[in-house]
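One structure is given here, and the rest of the page talks about it.
The values are calculated or read from the model by the stated rules, or taken from the named source; none is laboratory data. Just so we're clear, the structure is a prediction, and the values are computed from it rather than from any experiment. Methodologically, a virtual Cβ is constructed for each residue, glycine included, from the backbone with ideal geometry; neighbour enumeration extends over all protein chains shown.
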Amino acid sequence: MNVFQIDYSRLNLWSHTDLAYIKHDPSLDPFIAYPPVRESFNDIISNRKDFTVDRHLLLSVLKKQYDQLDLDFPYPDHLLLSEDTFTITTAHQPSLLTGPLYHIYKIASTINVTGQLNQSFPDQKFIPVFVIGGEDHDWAEINHFHLFGRRYQWDRTASGPCGRLSLDGLDSVIQSVVELFSNSVHGNEIKELLENCLQKAKNYGQFHQLLVHGLFSKHGLLVLSMDDAELKKAFAPVMEKELKEQFSFKYVTPTQQTLEQAGFKTQAYCRQVNLFYMTGDQRERIEQLDGGFVRVESGVKYSQEEILLELEQHPERFSPNVTMRPLYQEFILPNLAFIGGGGEIAYWLERKAQFAAAGIHYPMLIRRNSLLLIDESSSAQMKKSDLTWEDMLMDIDAIVRNYLKRHSQTDLGFEDELKSIKSAYDELAAKADKIDPTLAKAILAEEIKQTKQFEQLGSRLLRAEKQQQETHIKRIQKLKEKLFPENGLQERQENFLSFYAQYGPSWIDSMIRICDPFVEKFTLVELQG
């Protein structure tokens, strides 16, 4: 396995905010609590102890969820209850079969950081945690995945929290995947993993918990669903503050304005009230109305006293939206750092004042690794076409031009000829200028015209060569599309199963070993069997 690293700035595939954070732009310093470097953890560990969490509650909920899934809880009770035990956390929606590859990279980065901390701080214990955003309800965003350029989708009607969905129809999706990999080296392992998850799970959230657990449990990952009545009850005072004071809007909105003034785009729209109301398969937005509140979709209205009583009696019916979810997560967990992608880091940057207003510890924000995986088949194709991974970073037209110049039996360059033409016209214009300046201008105008015509002829020469090399060019185009689908990042399109089927669990081990987020480079990996 060969690993290469390049600066993110070499590819125009990341946002301004993302690149600024990767480069430690000082203009973002006011919006973070700790620089995302290893040396910051001494301060974080010390400061985190000033913000207590209910460890008995956390342990109880985790063990309950693991028991419901018929899984052995991987840590002794005393470890979770110890004030010297901390978490490193990432989170994601329950995308179908984990969705794009970056879902895996987030978890791998989290486990990698945890391992580093356990070596560097032997007096403390660090546990990687994956939080499932199962209360989200944007089904169209997570109901599909891509394998080998083809889209697979779970076709079903859905409303309300995605994690609470039934498993109706999921078996058909799994069967399609099992058949696809029936002849693969690790096809049987995929079959057993997915069918075991389907058999044990009672809803889609549990299915995703089981899947992530199956992939990462041997690395000590804890998987937590925040859609839990006991956790909501503990968080109720912060939700009450949101209903009474709309404090998130008061603190996030000015922060967003300051970020915009510093040249950064805002990421998440902050509402006056950043809570949903959930019943069964419904998740409704809550808004202020005439001194009270209304559930937007159903039209049910509450006075302030009535909605606070509802919160007290049924906290499980209230759900933090994207603006308040970070508070909920950090309130429950003894967390030191959150690991996310560029978009996630961008909306966390809007939260520092909000966290302070809620009296909740604001963690270190660590940007996950971004990877490009080149499997053995792609490496063979590149070698056959005399291409390197450096070539594949260019746009497709540049790759093809360079390939044709290297492999054509005719010299396709015409720069020397152009220089000769320009030189001839310039000499003629210089002579004419001594006799009639207007004639010199006409000669130079003719030079421009002839240069354009010559360039067109040169382009025709290139097109003719392309036709001669059509088979090779199509192979190159197909390879470029595979590595950079739709001119974007592989990690935002391809599902992990295309690699897991070929390399098995050792591929997960490799991703964890490679995904060190403190190495702030775009990583290219040439995979080998």
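Some points to look at:
- Unique residue being at pLDDT below 95 and surrounded by fewer than 20 Cβ atoms within 10 Å (Cβ to Cβ) when the list is 265, 241, 218, 233: 265
- The residues in segment 472-481 that are out of contact with any Lys or Arg (no Cβ under 8 Å at 6 or more places or on another chain) and surrounded by fewer than 19 Cβ atoms within 10 Å (Cβ to Cβ) can be counted, and the count is 5.
- If only residues of segment 307-322 that are assigned to a helix (DSSP H, G or I) and without any contact (Cβ under 8 Å) to a residue 24 or more places away in the chain are counted, the one that is nearest to residue 15 (Cα to Cα) is 310.
- Residue count for segment 139-156 under the criterion of being part of a helix (DSSP H, G or I) and closer than 16 Å to residue 169 by Cβ: the result is 3.
- When residue 407 is tested against the conditions (1) at pLDDT 85 or above; (2) over 23 Å from residue 522 (Cβ atoms), the lone failure is (1).
- Counting residues in segment 239-247 that are closer than 22 Å to residue 499 by Cβ and not basic (Lys, Arg) gives zero.
- Inspection of segment 246-260 identifies no residue that is buried (at least 18 other Cβ atoms within 10 Å of the Cβ), assigned by TED's automatic domain parsing to the domain that holds residue 70, out of contact with any strand residue (DSSP E or B) (no Cβ under 8 Å at 6 or more places or on another chain) and assigned to a helix (DSSP H, G or I).
- Condition check for residue 484 on (1) closer than 15 Å to residue 397 by Cα; (2) modelled with pLDDT under 95; (3) of a type outside the set (S, T, N, Q); (4) touching a helix residue (DSSP H, G or I) at 6+ places or on another chain (Cβ under 8 Å): one failure, at (2).
- Residue count for segment 485-509, restricted to those that are under 28 Å from residue 117 (Cα atoms) and touching a strand residue (DSSP E or B) at 6+ places or on another chain (Cβ under 8 Å): 1
- Residue 109 being more than 28 Å from residue 144 (Cβ to Cβ) and not in a loop (DSSP other than H, G, I, E, B): no
- Filtering segment 482-499 to residues that are buried (at least 19 other Cβ atoms within 10 Å of the Cβ) and acidic (Asp, Glu) leaves 491, 494.
- Enumeration of residues in segment 490-527 that are within 17 Å of residue 368 (Cα to Cα), part of a helix (DSSP H, G or I) and not β-branched (Val, Ile, Thr): 490, 491, 492, 509, 510, 511, 513
- Qualifying residue in segment 50-70 (condition: among the hydroxyl-bearing types (Ser, Thr, Tyr), more than 22 Å from residue 202 (Cβ to Cβ) and more than 21 Å from the chain's Cα centre (by Cα)): yes
- Among helices (runs of 4 or more DSSP H) entirely within segment 3-92, having at least 2 residues that are surrounded by 15 or more Cβ atoms within 10 Å (Cβ to Cβ) singles out 16-22, 41-48, 55-68.
- Positions within segment 194-242 being hydroxyl-bearing (Ser, Thr, Tyr) and closer than 20 Å to residue 505 by Cβ, in sequence order: 217
- Of the criteria (1) more than 29 Å from residue 158 (Cα to Cα); (2) part of a helix (DSSP H, G or I), which one residue 263 fails: (2)
- Test: residue 225 is modelled with pLDDT of 95 or more and within 23 Å of residue 162 (Cα to Cα): yes
- Screening the candidates 258, 266 for the property of being farther than 18 Å from residue 325 by Cβ and not small (Gly, Ala, Ser) yields one hit, 258.
- Residue check for residue 98: among the hydroxyl-bearing types (Ser, Thr, Tyr), modelled with pLDDT of 95 or more, in contact with a Lys or Arg (Cβ under 8 Å, 6 or more places away or on another chain) and surrounded by 13 or more Cβ atoms within 10 Å (Cβ to Cβ): no
- Count of residues meeting criterion [touching a residue at least 24 places away in the same chain (Cβ under 8 Å), exposed (fewer than 14 other Cβ atoms within 10 Å of the Cβ) and in a loop (DSSP other than H, G, I, E, B)] in segment 163-201: 2
- Each residue in segment 323-367 was checked for being under 19 Å from residue 264 (Cβ atoms) and assigned to a loop (DSSP other than H, G, I, E, B), and 6 of them qualify.
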